[in-house]
Number of protein chains: 2
Amino acid sequence: MVDLPQLPDDPSKLAREPLREQIRQVLVEGLLSGRWQPGERIVERRIATELKVSQAPVREALRELETLRLIETVPNKGARVRAFGVQDMAEIYPVRAGLELVAAQLAAPRLAADPSALEREVEALQAATARGDVSEQIRHSVEFHREVVRAADNSVLLHTWESLGVEVWTALSVRWLNMELHAKAADHAQITRAFREGDPAVGQMLSDHVLNYVEAALKSHEGAR
Amino acid sequence: MVDLPQLPDDPSKLAREPLREQIRQVLVEGLLSGRWQPGERIVERRIATELKVSQAPVREALRELETLRLIETVPNKGARVRAFGVQDMAEIYPVRAGLELVAAQLAAPRLAADPSALEREVEALQAATARGDVSEQIRHSVEFHREVVRAADNSVLLHTWESLGVEVWTALSVRWLNMELHAKAADHAQITRAFREGDPAVGQMLSDHVLNYVEAALKSHEGAR
DNA sequence: TGTGTGAATATTGCCGACAGATGAGCCTAC
DNA sequence: GTAGGCTCATCTGTCGGCAATATTCACACA
């Protein structure tokens, strides 16, 4: 136990984490960055060769991406990048809204007692908005919601919420649909206040706020579809 | 396209389905039947040897069981059967209730127009209850709820709902916690009626009904914990 | 020119084997 | 008698290869 298991970002050589986890990370980043286009085929062995690893961990990573609905796989035919669009947003956000409604109800007492975590995220979001730092805006927006879900203290709820891949899909919304994030900071501040004051309508407020993301996505995509 | 892709149950030799899928099935059945006890270790190669397959498809099957929260995996240490109990029910059912609340709202118009699928399940459930056929009761109870979620016509919602492993966990509730299912048939009939009549309170009704499962589980476990 | 057929190629799914990590048991030193 | 370290067995994570399957392409034929 002498050596330090800290992983200083050493992107040159893959670090000491489970290999499939690193591969998953690389693949997600590739999808977000547009390295692979929607509909494009993802060949297991090609990725494996490229990353200097074997086929097995790549397969496992791909399975995880499948549960995030980032790719689609057909038995014996392989994986393709899912062609996502407004339709996906329209399906994801109602689910998120429902989950966060439950979360708000469960988390209300805890957050009324100590809303500091939310307040921290609100501040960070405001700062990022002021700086115009989009990726930080995404990060703290998502983290705000995750904090609410976490405060519900229900591991199934958290797990289910995470399985929606909120981070990834939010980033995709912004990148591919040019969704606007501004004005979200104000919402978050208002919701935090409602939590602090024990407002019983906070659940509905949060739920509506989430559904507003869809509106924003639809609006920014203006008439398409 | 001349030959029929029907797969007549040929249990003698593993059929023409993805191998990992069959393995998953076997493992789930083993868990449900108590073949493996909670906390017991699951050794990949042992399963592989037993089923006369290699380690790889077993690993993939185990990953899926992990997302269903039936097992727990620690890196480099392997998988154990999760020790589930009332606590798990208490976490799962609120999530289910939230999802089905959303489902009910989305599905209401469709189900008001054509509630026949629900009615079919209600009848089957009543028949199974009359016969005292427990596994059929489970099947049709779950199928009723699945039908509602399906009618919402939201693939993310359906996918998320399925990921809760409702079938498995219901069976576990009954088997391990001696949960009672009777009186559920009446609930289902009432909910179906509400859908048919376009009752706007149907969502809340369904949600409450789901949460009642927890009550039933808690009650049947009487005082434990 | 359009269409069915078959070989050639590309890719998945699976296998058996090996390297590294983990935990148990024994052995030694104090 | 106990703490610490060493050895060994077990198991996971990964690898490279092979067979089965899907897809592509060329070609013959109508």
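Per the accessible-area calculation with a 1.4 Å probe, the total area buried between chain A and chain B rounds to 2100 Å².
At a threshold of 30 Å², the residues of the stretch B:100-128 that become less accessible to a 1.4 Å probe in the full protein assembly than in their chain on its own are B:VAL102.
Can you give the charge dipole size of the stretch A:128-225 about its Cα centre, rounded to the nearest 20 debye, using +1 on the beta carbon of Lys and Arg and -1 on the beta carbon of Asp and Glu?
Numbers: 10 positive and 14 negative charges, 34 e Å.
Magnitude of the dipole: close to 160 debye.
What is the stretch A:43-130 by shape, rounded, prolate or oblate, if you read a ≥ b ≥ c off the alpha carbon gyration tensor as root eigenvalues and call it rounded for a/c under 1.5, prolate for a/b larger than b/c, and oblate otherwise? The partial results should precede the final answer.
Numbers: a/c = 2.62, a/b = 2.07, b/c = 1.27.
It comes out prolate by the Cα gyration axes.
Note on the stretch A:17-43 and the stretch A:155-225: Cα centroid distance 25 Å, given to the nearest whole angstrom.
Shortest first, A:ASN76 label-point distances to identical copies amount to 4.0 nm, with the label point at 7 Å from Cα along Cα→Cβ. Entry note, chain A: the mean residue ellipticity at 222 nm calculated from DSSP H runs of n ≥ 4, each adding -39500 (n - 2.57), is -22000 deg cm²/dmol after division by the residues and rounding to the nearest 500. The heavy atoms of B:HIS159 present about 80 square angstrom of accessible area, all protein chains included, probe 1.4 Å. All C-alpha pair distances within the stretch B:19-81, sorted into 5 Å bins from zero, spread as 4, 19, 34, 30, 12, 1 percent across the bins.
Rolled with a 1.4 Å probe across the full set of protein chains, the surface gives B:LYS184 an accessible area near 20 Å². Rounded to the nearest angstrom and listed largest first, the equivalent-ellipsoid semi-axes of the protein assembly as shown from its Cα gyration tensor are 34, 32, 23. In order along the stretch B:156-170, the Karplus-derived 3J(HN,Hα) couplings, from 6.51 cos²θ - 1.76 cosθ + 1.60 at θ = phi - 60°, round to 5, 4, 4, 4, 5, 4, 4, 5, 6, x, 3, 4, 4, 5, 5 Hz, and Gly and Pro are given as x.
For the stretch A:138-225, just say rounded, prolate or oblate: build the C-alpha gyration tensor, square-root its eigenvalues into a ≥ b ≥ c, call rounded for a/c under 1.5, and beyond that prolate if a/b exceeds b/c, oblate if not. Could you put the intermediate results ahead of the total?
Working: a/c = 2.15, a/b = 1.41, b/c = 1.53.
Note, shape of the stretch A:138-225 comes out oblate.
This model, with +1 at the C-beta of Lys and Arg and -1 at the C-beta of Asp and Glu, gives chain B a dipole about its Cα centre of some 920 debye. If you take the Cα centroid of the stretch A:82-99 and the Cα centroid of the stretch B:116-135, the two points sit 33 Å apart.
Lysine pairs in the protein assembly as shown whose alpha-carbon atoms fall under 26 angstrom of each other, counting only those eight or more residues apart or on distinct chains, come to 10.
Assuming charge only on the beta carbon of Lys and Arg (+1) and of Asp and Glu (-1), the dipole of the stretch B:19-81 about its Cα centre is about 180 debye to the nearest 20. A cut-off of 5 Å between modelled amide H atoms, ignoring neighbours fewer than 5 places along the same chain, links B:ILE42 with B:ALA79, B:ARG80, B:VAL81.
Each other copy holds its own label point for B:ASP208; taking that point as 7 Å from Cα along Cα to Cβ, the gaps run 2.5 nm, nearest first.
Can you tell me the equivalent ellipsoid semi-axes for the stretch B:109-156? Use √(5λ) from the Cα gyration tensor, largest first, whole Å.
Listed largest to smallest, the semi-axes of the stretch B:109-156 are 23, 12, 4 Å.
A label point on B:ALA130, set 7 Å along the Cα-to-Cβ line, lies at 7.2 nm from each of its counterparts in the other copies, closest listed first.
Summing charges over neighbours of A:ARG146, with a neighbour being any other residue whose Cβ is under 11 Å away from its Cβ, gives -4 when K and R count +1 and D and E count -1. Where does the Debye-calculated log10 I(q)/I(0) of chain A sit at q = 0.07, 0.16 Å⁻¹, using only Cα point scatterers of equal weight, no solvent? Once normalised to I(0) and log-transformed, intensities are -0.26, -1.17. Looking at chain B, the accessible area is 53 square angstrom per residue; that uses a 1.4 Å probe and ignores ligands, DNA and RNA. Shown for the protein assembly as shown: the carbon plus sulfur share of the solvent-accessible area, taken with all protein chains present and a 1.4 angstrom probe, equals 52%.
The values are calculated or read from the model by the stated rules, or taken from the named source; none is laboratory data. Please read these numbers as outputs of a predicted model, since none were measured by experiment. We place every Cβ from the backbone using ideal geometry, glycine too, and count neighbours over all the protein chains shown. For accessibility, only protein heavy atoms count, side chains too; no ligands or nucleic acids. Shrake-Rupley method; radii C 1.70, N 1.55, O 1.52, S 1.80 Å.
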